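Working notes, structure below.
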Amino acid sequence: MRYRTYKNMDLTVSEVGFGLWTISTGWWGNFTEGEAIALMHKAFDLGITLFDAADTYGNGLSEELIAKAFPEQRDEIVIATKVGYDFVHHGEARGRGQREIPQDFSPEAITRATDAALKRLKTDRIDLLQLHNIRMEQVYDDALWKTLEKLKSDASSDSTAEQRSRISSLESIP
């Protein structure tokens with residue numbers, strides 16, 4: 001396996017990542033928890049360190065699977081997850097398939113989603129927080145970027161453990 005370091009970040013990842021969409025949504029076949037975790041372990045054994053989830057994948061299941069698969073390997077993996085879809089209020093309405101549900105990139109929703117992701121992941125940090133399927137409206141939303149910067153600074157400051165439990169890396173990645 002080859003690895004790369006993100007530009008302007010101290011974050012090295014495997015060139016091949018493991019996306020959890022297919023094993024957590026049921027859209028591409030059903031996987032038992034044991035089967036999903038076995039696939040993740042096999043990927044890790046082959047050198048994959050980047051595990052890409054989203055809060056909306058399986059309505060939180062993808063993040064829970066990472067926590068269950070790697071309870072002792074937190075410092076050996078890179079966790080990437082996404083926020084932005086309001087699955088809390090609309091997740092069940094989606095049903096099976098790829099129907100898009102409403103998004104919420106308000107500062108409160110992003111903070112709430114990040115905190116909930118940390119709990120599901122059972123970790124104190126998210127290595128790479130991504131905005132899920134962001135639109136131009138959000139690109140120009142200063143409040144959103146200020147919220148992300150606050151989450152990042154809380155993660156690196158000498159604040160409380162809860163405040164530090166946010167995002168490790170926030171950079172524009174081309």
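The values are calculated or read from the model by the stated rules, or taken from the named source; none is laboratory data. Everything numeric here is computed off the predicted structure, so don't read it as measured data. Cβ sites come from the backbone with ideal geometry, for glycine too, and all protein chains shown count toward neighbours.
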Check: Within segment 6-19, restricting attention to residues that are β-branched (V, I, T) and over 15 Å from the mean Cα position of the chain (by Cα), which residue is farthest from T56 (Cα to Cα)?
Finding: T12
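Please tell me if I79 is on the phi < 0 side of the Ramachandran plot, at pLDDT 95 or above and β-branched (V, I, T). Can you show your working first?
Numbers: on the phi < 0 side of the Ramachandran plot: yes; at pLDDT 95 or above: yes; β-branched (V, I, T): yes.
Yes.
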Checklist line | Condition met for W28 (hydrophobic (A, V, I, L, M, F, W, C), over 24 Å from R125 (Cα atoms) and in contact with a helix residue (DSSP H, G or I) (Cβ under 6 Å, 6 or more places away or on another chain)) | finding: yes
Notebook entry, point to check: Within segment 40-51, can one find any residue that is modelled with pLDDT of 95 or more, under 20 Å from A113 (Cβ atoms) and among the β-branched types (V, I, T)?
Noted result: no
Margin query: Being free of Cβ contacts under 8 Å to residues at least 60 places away in the same chain, farther than 29 Å from T147 by Cβ and under 16 Å from the mean Cα position of the chain (by Cα) is true for just one of T22, T32. Which residue is that?
Written below: T22
Next item on the list: Check A69, A43, A38 and return the single one that is out of contact with any Lys or Arg (no Cβ under 8 Å at 6 or more places or on another chain), within 17 Å of T12 (Cα to Cα) and not polar (S, T, N, Q).
Entry: A43
